[in-house]
Amino acid sequence: MAAYVIIQVEVTDPTAYAKYMQAANGTHDAFGGRFVARGGAITPLEGDWTPPRFVVIEFPSTEKALGWYRSPGYQAARRLRLGAAKFQAFIVEGLPTSAAPGVTSQSTEAVNLAQRFEMFSDLWSPHKIASVDDYDVKIVKVKGDFVEHVHEHEDELFLVLDGELRLKMPHGEARLRPGELFVVPRGTHHRPTAPEETRIMLLERRGVVNTGNVRNEQTRTEKSI
Ligand code: NI
């Protein structure tokens, strides 16, 4: 699972610190590290924690992060910053890969849809089970009427696994039975309904809101399972 090196820095000697940054640059490449944040603007929310400089580096694992930190290349750079900055750092583990299967090359675990459907019962509530590049794969249990809405900038793929889904659109109604899929193009108003409890899978670009342009009691933030 991924691991994050979190660093808080207070630079006391900018000239020496610049030399450190130059020497440290690229030392994490061989360990699969990449900067997630590097000295960006900080917006305080609560408390009095306002580090002057904050850095986050993502690694494939804690072992890789430690490997980078202990490497001769980074340790040589580190010596340049001793006395040039007050430096505090730790490693925090990311979520297990099972939270989002398929996003790491280490996973061999298949996603069993029947098992995933057992993990929730709320209706019209999308649950994310996988990611594909910038798209999320979600499963949903639906029954009854959903609010009419539109996604101005995203297409939306519906695949019915069991039951029946109807998509009412201005130009007509699509009726989907198990094993059938339909793509609602961006900009097309649609009102999903299901006469009985129906299980569907969605493929949507990350960040799509289930009620599109509408915010009401059916609006959900998807959960990962
Ligand atoms: Ni929609």
*Extreme residue, farthest from the chain's Cα centre (by Cα), among residues of the stretch 140-186 that are open to solvent by less than 40 Å² (accessible area, probe 1.4 Å) and on the phi > 0 side of the Ramachandran plot*: GLY172
_If I filter the stretch 36-63 down to residues being of a type in the set (D, E, K, R) and either within 12 Å of ILE6 (Cα to Cα) or crowded, with 17+ Cβ neighbours inside 10 Å (or both), which single residue comes out as nearest to the chain's Cα centre (by Cα)?_
GLU58
*Got a sec? Which of GLY94, GLY67, GLY33 is at pLDDT 95 or above, open to solvent by less than 40 Å² (accessible area, probe 1.4 Å) and closer than 23 Å to MET1 by Cα?*
GLY67
*Residue by residue through the stretch 201-216, note down the ones that are in a loop (DSSP other than H, G, I, E, B) and either in contact with a Gly (Cβ under 6 Å, 6 or more places away or on another chain) or near the ligand (Cβ under 10 Å from one of its atoms) (or both).*
VAL208, VAL209, ASN210, THR211, GLY212, ASN213, VAL214
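The values are calculated or read from the model by the stated rules, or taken from the named source; none is laboratory data. All of these numbers come straight from a predicted model, not from anything done at the bench. In this analysis, Cβ positions are derived from the backbone assuming ideal geometry, glycine residues included, and neighbour counts consider all displayed protein chains. Remember, those area values only see protein heavy atoms, side chains included, never the ligands or the DNA or RNA. Shrake-Rupley method; radii C 1.70, N 1.55, O 1.52, S 1.80 Å.
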